[in-house]
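Only the coordinates and a few stated rules stand behind these numbers; no lab work does. Quick caveat: nothing in here was measured; it's all calculated off a predicted structure. Reconstructed Cβ throughout: ideal geometry from the backbone, glycine too, with neighbour counts over all protein chains shown.
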Amino acid sequence: MKRIISALVLIPIVVWVVLFSPQWAFLAVLALVGLIAFHEFDGIAAAQDLAPTGILGMACGLVFLLAPEPAIPVLVAIALVLMALKLRLDDLSKALASVGAAVLGLVYIFGAWRCAAALREINPHWLMIALLVSWAGDTAALYVGHAFGKRKLAPVVSPAKTWEGAAGSVAGGMLAAGVYAYFLIPSAPLAAVLATGAAANVAGQFGDLCESAWKRGANVKDSGTWLPGHGGWLDRIDSSLFSIPVVYGILKLTLAWPWF
């Protein structure tokens, strides 16, 4: 019940932020959720005996998120700063892994959020699709997995997931993308929408599995406690952090197509 109530509260807010909010509000929400998610990621790293980056890492994430293009030099500079600061660790055997975790967290969370901002500039409805394929896919996977699931998808990482549920997730994501685009992006060819929806859903499933693996390695159940029934913000957005860059990448590769 808590999960359903949280979703009913969050979905209208997300729809308004993605489709109707002014740019400053959109970026403010990205920044806030990104900071919380990075803090949770930092906690997972700390639970695996890696030195957290704390406020410094969160500040670096904000700089990376809001830096003008090209952002790669900014990311390189941030990585160099973090490498230099990790030299202060008492246990230098953890320095390399700690820097790697910090940079991974920055790219993983704030890099995906940069893709979200760029995707919204192209067409906010495509950003909505990038989110929707994971939401619909999760629901479809739950019901299909319970009804037909027999073969374990990743028994070590997530024992409850099955190949049948994963297939149901892809089908649900494609259906949601197709229906949404039919009404709100009518110029988009159905085949392209379905292919993009499938790719984004598969990416989102990998995102969910990756975060599950990190949590299992850290021996924690949820990344946080912000969202009743969902855990932390990182638990809620883990699929979207993979699906959004995939949709953005596909659109960037096909911007010459007239239906954009």
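Quick notes on this one:
- The order of 215, 150, 252, going from fewest to most other C-beta atoms within 10 Å of their C-beta, is 150, 252, 215.
- Per-selection Rg to Rh, segment 59-132 - Cα, Kirkwood hydrodynamic radius: 1.11
- Take every pair of alpha-carbon atoms less than 8 Å apart whose residues are at least six positions apart; their mean separation over the length of the chain yields a relative contact order of 22 percent.
- Note on 126, 135, 16, 214: ascending count of other Cβ atoms within 10 Å places them as 16, 135, 214, 126, the fewest first.
- Note on segment 43-64 and segment 70-114: Cα centroid distance 9 Å, given to the nearest whole angstrom.
- Estimated dipole of the chain in Debye, rounded to 20 [Cβ of Lys and Arg +1, of Asp and Glu -1, Cα centre]: 360 debye
- For segment 79-219, the fraction of alpha-carbon pairs in successive 10 Å shells from zero, as %: 12, 30, 28, 19, 10, 2
- Within-11-Å neighbourhood charge of residue 40 [Cβ basis; K, R +1; D, E -1]: -3
- Residue-averaged 222 nm ellipticity for the chain, from DSSP H runs of 4+ at -39500 (n - 2.57), nearest 500: -24000 deg cm²/dmol
- Mean separation of Cα contacts under 8 Å (6+ apart) over length of segment 60-188, as relative contact order %: 19 percent
- Cα point-scatterer Debye curve for the chain, base-10 log of I(q)/I(0) at q = 0.09, 0.11, 0.16, 0.17 Å⁻¹: -0.42, -0.62, -1.27, -1.39
- Residues 244, 36, sorted so that the one with the fewest Cβ neighbours within 10 Å comes first: 36, 244
- Taking a sphere under 15 Å around the Cβ of residue 145 and counting the other residues whose Cβ falls inside, with K and R at +1 and D and E at -1, yields a net charge of +1.
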